[in-house]
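The values are calculated or read from the model by the stated rules, or taken from the named source; none is laboratory data. On a predicted model such as this, the values are computed, not experimentally measured, just so you know. Positions of Cβ are generated from backbone atoms using ideal geometry, with glycine treated the same way; all protein chains shown enter the neighbour counts. Each accessible area value is taken on the protein alone, full model and side chains, heavy atoms only, with ligands, DNA and RNA left out. Shrake-Rupley method; radii C 1.70, N 1.55, O 1.52, S 1.80 Å.
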Amino acid sequence: MSTAVYPGSFDPVTNGHLDIIRRASRIYDKLIVGVLTNKEKHPVFTETERVEMIQTVTRDLDNVEVRSFSGLLVDFAEQHGAQVIVKGLRTVADFEYEFQMALLNKALNPSCETIFMMTNTKYSYISSSMVKELAGFNGDLHGLVPNELVNIIKEKYID
Ligand code: PNS
């Protein structure tokens, strides 16, 4: 059985993330979405909120599991029997960072492969940081995040 991990902070999950999740879930028997719980990153959304938002928007995907993790990604992948790490690429800047991470992860665990999926062009400008900035200005989040998460995300920014 092929198992892959799709890791990230998902603070919050965007339509770009969801597109990668859907596409990867068609390639691998099982896809584990790994939500990083590193507090040093100071996420706006709690671990539970981030996991639940992804669970909500992937509930129709039977082979997708959402789990939080801390520590090394290669250890998390190994613990769950995943041979592959899936990453999405939007820009050349993404590539430079991800290339380095892929080489480091390969050095840490030579049996773990990183597979890159190109973003769908219509989502190439979306990032969690942009979503949060826009939400802070009470901007329209439709098209950037799944519709059912729009109000949940905006509520975080209501004083
Ligand atoms: O969505 P992000 O914040 O770009 O995701 C980054 C993530 C979670 C993929 C990356 O920070 C990560 O893999 N963290 C786990 C720690 C780790 O294994 N680091 C690499 C070796 S130091």
So for R0 = 22 Å, FRET eff. of ASP75-MET1 from the Cβ-Cβ r, to 0.05, ends up at 0.65
Say each of LEU104 and HIS42 gets a label point 7 Å from the Cα, pointing the same way as Cα to Cβ; how far apart are those two points in nm? 2.0 nm
Starting from the Cα gyration tensor of the range 38-93, take the square roots of the eigenvalues, sort them a ≥ b ≥ c, and report rounded, prolate or oblate (rounded when a/c is under 1.5, otherwise prolate if a/b is larger than b/c, else oblate). rounded
Going by alpha carbons, how many degrees (0 to 90, nearest 10) lie between the helix axis of 92-108 and the longest principal axis of the chain? 40 degrees
Can you tell me how much longer the chain between ARG67 and MET117 gets when fully stretched, taken as 0.36 nm per residue apart minus their C-alpha distance, in nm with one decimal? 15.9 nm
Considering only protein heavy atoms, what per residue accessible area in square angstrom results for the range 21-159 with a 1.4 angstrom probe? 60 Å²
In the chain the accessible area split gives carbon plus sulfur, as whole percent at 1.4 Å, a share of 52 percent
If packing is taken as the average count of other Cβ atoms within 10 Å, what order do 10-22, 138-150 fall into, highest mean first? 10-22, 138-150
Can you give the Rg to Rh ratio of the range 1-50, both from alpha-carbon atoms, with Rh computed by the Kirkwood formula? 1.02
Debye, to nearest 20: dipole size of the chain, +1 on Lys, Arg Cβ, -1 on Asp, Glu Cβ: 240 debye
Note: the range 7-159, point scatterers on Cα, Debye, no solvent; log10 I/I(0) at q = 0.13 Å⁻¹ equals -0.59
What angle do you read, to the nearest 10 degrees and between 0 and 90, between the alpha-carbon axis of helix 15-27 and the longest principal axis of the chain? 30 degrees
